[in-house]
1. Taking strands (runs of 3 or more DSSP E) that do not extend beyond region 63-124, which have at least 2 residues that are polar (S, T, N, Q)?
2. Can you run down the residue pairs with Cβ atoms below 8 Å, 6 or more apart or on separate chains, where the first is in region 169-192 and in contact (Cβ under 8 Å) with a residue 12 or more places away in the chain and the partner is hydroxyl-bearing (Ser, Thr, Tyr) and part of a loop (DSSP other than H, G, I, E, B)?
3. Select from region 62-82 the residues that are within 13 Å of the chain's Cα centre (by Cα) and under 20 Å from His104 (Cα atoms) and list them in ascending order.
4. So, Leu252, is that one touching a residue at least 40 places away in the same chain (Cβ under 8 Å), within 22 Å of Pro190 (Cβ to Cβ) and in a strand (DSSP E or B) or not?
5. For region 180-215: of the residues being of a type in the set (A, V, I, L, M) and under 22 Å from Ala265 (Cβ atoms), which is most open to solvent (accessible area, probe 1.4 Å)?
6. Checking Arg155 against (1) of a type in the set (Lys, Arg); (2) surrounded by 14 or more Cβ atoms within 10 Å (Cβ to Cβ); (3) closer than 21 Å to His229 by Cβ: exactly one of these is not met. Which one?
7. Yes or no: Asp310 among the acidic types (Asp, Glu) and open to solvent by 30 Å² or more (accessible area, probe 1.4 Å)?
8. So which residues in region 235-291 are under 21 Å from Arg338 (Cα atoms), out of contact with any Gly (no Cβ under 9 Å at 6 or more places or on another chain) and open to solvent by 50 Å² or more (accessible area, probe 1.4 Å), if there are any at all?
Amino acid sequence: MKDVVSCPVASLFLLLLLTITAIKGSATGQARAADHVLHLPVIAKPVPLVAGIREPLLIDGEEGRIYTIARVDGKLQTVVLATADGRYLNGYPYTGRLALDRDHHWLLIDQGDTGVVMVDSLSGHYLGLIDVPDAGPPLAEPQVDPSRSVGYAFRHHKVYTLDLQDQAITGARTLFVPLLVCGDLQGAAPITRSYYDLLSNTLYISFNTWVCTGFLSDTIHIYDAASWHKWGEYSTPSHYQAVPFAANLYGLSHLTRLSMHAFWARGRTQTWYEESGGGNSISLAGNVVDWSRGLFYEAYWEYKPDNDVDKLIRVSRTSDRDALALVSYDREPIQDARLVGHDPHTDQLYFLDQGVLYIVPTTYILPVGDTRID
């Protein structure tokens, strides 16, 4: 009788044990699932590696953006960097020579044979392509006149006028300037550089006009952009750097064979400042205008006979071009860098050294104790 009663009890005990095991297993599975969810790795978007940044830098201080060409994770493209700290903001899959219409947020990328690509500078959205008929890569940067929504593209010795609103070519102008090789005519001189002054709507076009045993010379033509009225022209050694501002072109030229150099300023019709120097060879290291202070900064290296090198920035007023100071910048991190930009909104200077961007306050290169030179 005892054995008969114990069988149901044993069965009940076995059933209870199986239930507990099942509940425990379920709880363990849930714990494991919960544990698995809690320990999922956080996947962060990798920061692109930006290297090989190239000149020129197109700076839009109001939007806090810099446009230039660089390699992003090894791929060449147009990049957008922050003016504040140079961090990567965006990249556009087009490369070429750049021009920026800040008023309409149009970025022009002259790709030579392909034509001029237009993108929205803020979003990178493709806006269209302006086909330029002449083949070959342009040597000069395209230019933009925002007040008229007009652009300019250069091919050898031709200038194409672009209607940026309608994305069409509205004119082509052949500029025949003689190219002389040791005095012999060798056809038309190529357009090698261009500059545009937004304040006076003046277009500067530089031609390589003389070549002979190491002596190279350029001729710069000055035009009213709207009417194509030619204001004048002047010559300079081909080894020069220049920047336009308020109907003037400010520059430093170096005649390499004779180790001579000259600081100059040219208005529309005449050269109103020139200061020559000689004796030591120099290399040109970039120049920019500080719009907020009305100052002009030009960097150059001067090589001394004892193999010493002075790395200098000449500070002058744009009004009279006279030197206010010669500031040594032979110090980290910019000691081997080129001066490539200034932003009045952040009051910073931008330097490039082997494709690496360095940003320093403008006061870093001003005379000690001076934050503004009047």
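1. The strands (runs of 3 or more DSSP E) meeting that bar are 75-82.
2. Cys182/Thr213; Thr192/Ser238
3. Scanning region 62-82 gives Arg65, Ile66, Tyr67, Thr68, Thr78, Val79, Val80, Leu81, Ala82.
4. It is false that Leu252 is touching a residue at least 40 places away in the same chain (Cβ under 8 Å), within 22 Å of Pro190 (Cβ to Cβ) and in a strand (DSSP E or B).
5. Leu199
6. Condition not satisfied by Arg155: (3).
7. Against the criterion (among the acidic types (Asp, Glu) and open to solvent by 30 Å² or more (accessible area, probe 1.4 Å)), Asp310 qualifies.
8. His239, Trp291
The values are calculated or read from the model by the stated rules, or taken from the named source; none is laboratory data. Remember, it's a predicted structure, so these values are computed and weren't measured experimentally. So basically every Cβ, Gly included, is an ideal-geometry build from the backbone, and we count neighbours across all protein chains shown. Please note that ligands, DNA and RNA were not included when accessible areas were found on the heavy atoms of the full protein model with its side chains. Shrake-Rupley method; radii C 1.70, N 1.55, O 1.52, S 1.80 Å.
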